[in-house]
Amino acid sequence: MFGVDVRLHLTFFLLPMFIFWTEYNAHHTANGTRDLALAGIILACVGAHECGHMLAARRFGLIPKAVILLPLTGVTLYDEPREKPQPATLFWKREIRLALAGPLVSLALAGLIAAIVTASGSGGDLWKWPFLQPARLPRSLMWANLYLVILNLLPAYPLDGGRILRAVFSRTLDLSTATRRAVSISTAIAMVLIFAGPFSDSWLTMVGVIIFFAAQLEERALVFQSVLDNVRLEEVMLTDFATLSPADTLEDALEKAVHSLQDDFPVVRGSDMVGVISRQRILDALRAEGNGYVQAVMNKIFEVSVRQESLSSAFRKLTTRNSSIIPVVEDQRLVGIVTLQNLMHSMTLLAESRKLQRDEAES
Ligand SMILES: [Zn+2]
C-alpha cells in the first residue's frame, strides 16, 4: 500500500480465535462473524496508528519500506539506515516526536468516533463495560483506539512509551546498549502481564505475548541492520563459482547450470565481465525461442561492487536493478560474486553469530 510492504504478524491470526474463546467463556455463546469484525476493527485501528508514525517519519526524511502489524503495534522497517550518524540531541528529540505521532492519531480517531456516536444519540452506550465487545462494535471502535493510546504509552519497547524510554537512555548510552536495556525492561513487563492475565483479565496475557513478540522482532531487525552496515562484501562473497561465456549456447549453459548450485552466473569473455544471466532466464529463452547464444539473452546492464562495500549497499543495488547477482571486481578483474540467495544465507548466519558473541560477552 502506497509503496509500503504491509505484513500481518501471526498473532493477528490468533486474535479472532482469542476473541472467540473469551466470548465463549464469558457467555457460552459466540458469534464468529462479529468476532472477526472486532479483529478487523483492531487491525484498522493499528493500521491508522502506524500511518501516524509513518507520516511523521516521512517528515524526518525516513522512507518506510515495510511494516509488520501486530494487534497492538507495528514494527516498521525504513529504507535508509535508521541510525544515521547524527547528533544525539537530534536523535532523541526526533524519536520522541515519532513515538507520539501514533498515539495522537489514535486519540483523534477515538474523539471523532465518540462525537459521531454521541451525535447519533447513543452516546451513553460508549461508557459501559466491557469496552471491547463483539456485540457492541461502535463502542469497541472507540475503545480500541483508546486502548491503543493507553497501552502504547507503556514503557515496553517497541511500544511508543518504550521508544521514548530508549530515547531518554540514548542521551547517555550508545544506541545498541540503550536498545538492549529497553528490551530487557520490556521483556520484564511482558512477563508480568502474561502471568497477571489468568488472575485478572485474559486480555493482559494477550498484550504481554504481543509485546514479547514485537520486542523480539525489533531486536532482530536491529541486529540485521548492524550486519548490513558493518559486514563487507569480501566477507560473504562466493569465490568459488561457475561462469559462462557469451559464446556458450543456451543448451550448454543449462547443462553447466545443472551441475552448479548457483542460480545466477556471471558471463565472462577472457577476463572481462560482459554480462549476467540467471538459470531462469536461460530456461525461459530456451522455451520461447529454442537454442541460441548466451550473448543474445544475457543482461548486459549490471552493477558491479568492490570488496569493501557494505551489504546494505549491495542490497540496494540488487533491489534497484531488480537483479539477483552482483559481480565483485578488483582492477576490472572478477574476484567474486554476491547473489541474493547467498546474501540471505550469510545474513542469517552472521546475525546468529553476532547474537552468540554478544550473549557470550554479556555472560
Ligand atoms: Zn505506536
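Both radii come from the Cα set of the range 166-284: Rg as radius of gyration, Rh as Kirkwood radius; their ratio Rg/Rh reads 1.32.
Each part gets one Cα centre, and for the range 316-363 versus the range 1-58 those centres are 35 Å apart.
Taking the C-alpha atoms only, the angle from helix 202-230 to the longest principal axis of the chain is near 30 degrees. Of the residues Arg181, Arg358, ranked by 1.4 Å probe accessible area with the largest first, the sequence reads Arg181, Arg358. More than 16 angstrom separation, counting every C-alpha pair in the range 300-359; what % is that? Looking at the range 300-359, the distances longer than 16 Å represent 48 percent of pairs. Measure nothing fancy, just the Cα-based angle from helix 32-59's long axis to the longest principal axis of the chain, in degrees from 0 to 90, nearest 10. So the inclination is approximately 60 degrees. For Thr73, the solvent-accessible surface computed with a 1.4 Å probe is close to 0 Å², ligands and nucleic acids excluded. When Glu50, Glu362 are compared by accessible area at a 1.4 angstrom probe, the order from most to least is Glu362, Glu50.
Pairing the Cα long axis of helix 160-169 with the longest principal axis of the chain, what angle in degrees results, from 0 to 90 and rounded to the nearest 10? That helix lies at roughly 70 degrees to the long axis.
In this structure Lys128 has an accessible area near 110 Å², from a 1.4 Å probe over the protein heavy atoms. The GNM of the chain, with springs linking C-alpha atoms under 10 angstrom apart, assigns the highest mean-square fluctuation among Leu204, Leu98, Leu70 to Leu204. Relative contact order of the chain: 12 percent, from C-alpha pairs under 8 Å at least 6 residues apart in sequence. When +1 charges are put on Lys and Arg Cβ atoms and -1 charges on Asp and Glu Cβ atoms, the dipole computed for the range 218-283 relative to its Cα centre reaches about 160 debye. Normalising the Debye intensity of the range 93-227 to I(0), with uniform scatterers on Cα atoms only, and taking log10 at q = 0.10, 0.17, 0.19, 0.22 Å⁻¹ returns -0.41, -0.95, -1.07, -1.24. Per-residue ellipticity at 222 nm, computed for the chain from helices alone with -39500 (n - 2.57) per DSSP H run of at least four residues, works out to -20000 deg cm²/dmol. Residues Cys51, Cys45 ordered from highest to lowest accessible area at a 1.4 Å probe: Cys51, Cys45. The peptide list 255-261, 62-68, 273-279, put in order of mean Cβ contacts within 10 Å with the highest first, becomes 273-279, 62-68, 255-261. What FRET efficiency comes out for Ala48 versus Asp229 if R0 is 41 angstrom and r is the Cβ-Cβ distance? Round to the nearest 0.05. Computed FRET efficiency for Ala48 and Asp229 comes out at 0.80.
Working from the Cα coordinates of the chain, the gyration tensor eigenvalues give, after taking √(5λ), semi-axes of 48, 25, 19 Å in decreasing order. For Trp143, the accessible surface of its heavy atoms amounts to roughly 20 Å² (probe 1.4 Å, protein chains only, rounded to the nearest 10).
Here Lys65 is the anchor, and the lysines within straight C-alpha reach of less than 30 Å, apart from those fewer than 8 places off in the same chain, are Lys84, Lys93, Lys300, Lys317, Lys355. Amide H contacts of Gly336 (H built 1.01 Å from N, in plane; Pro and chain starts excluded): Val328 sit under 5 Å, all sequence-distant by 5 or more or on other chains.
The values are calculated or read from the model by the stated rules, or taken from the named source; none is laboratory data. The shown structure was predicted, so the numbers you read here are calculated from the model rather than taken from an experiment. When we count neighbours, we look across all protein chains shown, and the Cβ atoms used for this are built from the backbone with ideal geometry, even at glycine. For accessibility, only protein heavy atoms count, side chains too; no ligands or nucleic acids. Shrake-Rupley method; radii C 1.70, N 1.55, O 1.52, S 1.80 Å.
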